[in-house]
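To start, the structure under review is shown below, and the notes come after it.
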Protein chains: 2
Amino acid sequence: MKQHILKRILLPIILVATGAYAGDGVDYPDGYRSWTHIKTMALHKGHALQDPFMGIHHVYANEQGVKGAKTGQFDDGAVLVFDLLNYITQDNASTEGDRVLLGVMTKDSAKFANTGGWGFEGFKGSSHTERLVSDGGQSCFACHESQQANDYVFSRWRE
Amino acid sequence: MKQHILKRILLPIILVATGAYAGDGVDYPDGYRSWTHIKTMALHKGHALQDPFMGIHHVYANEQGVKGAKTGQFDDGAVLVFDLLNYITQDNASTEGDRVLLGVMTKDSAKFANTGGWGFEGFKGSSHTERLVSDGGQSCFACHESQQANDYVFSRWRE
């Protein structure tokens, strides 16, 4: 019985505390700046998603993500990155400013079955560790659910 | 003498007519959509470069181009692509429209010595063959010359 308690209660606490469970979430997408750029969009003041998505965002994808963006069906392992930067408009030109946040979608049909097979995470500013998603991605998925026909992804490939 | 005339006058005409000289210009950058995205900027109505650069443009680079964008010194073989799209703003969001033109800079210090070592070309809309530059890149270079300290390139790498 003692051993049972250790296994069921103490071990997970120890693993979480030591970070050994980190692999169960969504990883920071190392190297995404050399992945393929899918599309760009800017959201301005007054847009329904201005909080927290106001600014210019680029969507990048790894190889499986590109395949998915072209076909509308994403294999496990596909990763999409939503790179949100401040957007500075002056003298009739708009340029990129500092990073606001980095959004990540990772496809793993089994692990993230409750959110359409996608794991959602956000990283604050340019941090690789400061995470923004605290509801298991439910609020992200609530909006992405409208894109069910495209495997819950808004982005489409542009030639 | 007859042979001399053939070599000096007729041969170039034949070569141009058959397209054998095409390699002397700037090639269409096949596959650039999977190259690395360097930066994005939008030029609006009233900007000094609105004709012909109004819209949103993305800059992509091949491997040598990325290295150059990070260091400010570009090796021969570096290629930068300026992908200009219409920019549609409505409902407090801006999205990408059709392609206006595709600008290309190719580094070849010997071949393009008159324009800072860079060959300049533009392709109309999404055409791979309809070329826009007719002055050997002199007008392009006149503007890029201000960026001599960065090897005549405006774009800087953004992490």
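Brief remarks on what is shown
- Residue that is farthest from the chain's Cα centre (by Cα) [pool: residues in the stretch B:33-42 that are open to solvent by less than 10 Å² (accessible area, probe 1.4 Å) and either facing another protein chain (nearest Cβ under 9 Å) or of a type outside the set (Val, Ile, Thr) (or both)]: B:Ala42
- Residues being part of a helix (DSSP H, G or I) and within 11 Å of chain A (Cβ to nearest Cβ) - total across the stretch B:45-64: 3
- Test: residue in the stretch B:101-110 that is away from chain A (no Cβ under 14 Å), of a type outside the set (Phe, Trp, Tyr) and open to solvent by 50 Å² or more (accessible area, probe 1.4 Å): yes
- Members of the stretch B:65-111 found to be free of Cβ contacts under 8 Å to residues at least 60 places away in the same chain and in a loop (DSSP other than H, G, I, E, B), listed by number: B:Asp75, B:Asp76, B:Gly77, B:Ala78, B:Asp91, B:Asn92, B:Asp108, B:Ser109, B:Ala110
- Qualifying residue in the stretch A:117-124 (condition: open to solvent by less than 50 Å² (accessible area, probe 1.4 Å), farther than 17 Å from A:Trp35 by Cβ and in a loop (DSSP other than H, G, I, E, B)): yes
- From the options B:Ser134, B:Ser126, residue that is touching a Leu at 6+ places or on another chain (Cβ under 8 Å), without any contact (Cβ under 8 Å) to a residue 60 or more places away in the chain and of a type in the set (Ser, Thr, Tyr): B:Ser126
The values are calculated or read from the model by the stated rules, or taken from the named source; none is laboratory data. Only a predicted model underlies this, so the values are computations on that prediction, with no experimental measurement involved. Please note: Cβ atoms are built from the backbone with ideal geometry, for glycine as well, and neighbour counts cover all protein chains shown. Remember, those area values only see protein heavy atoms, side chains included, never the ligands or the DNA or RNA. Shrake-Rupley method; radii C 1.70, N 1.55, O 1.52, S 1.80 Å.
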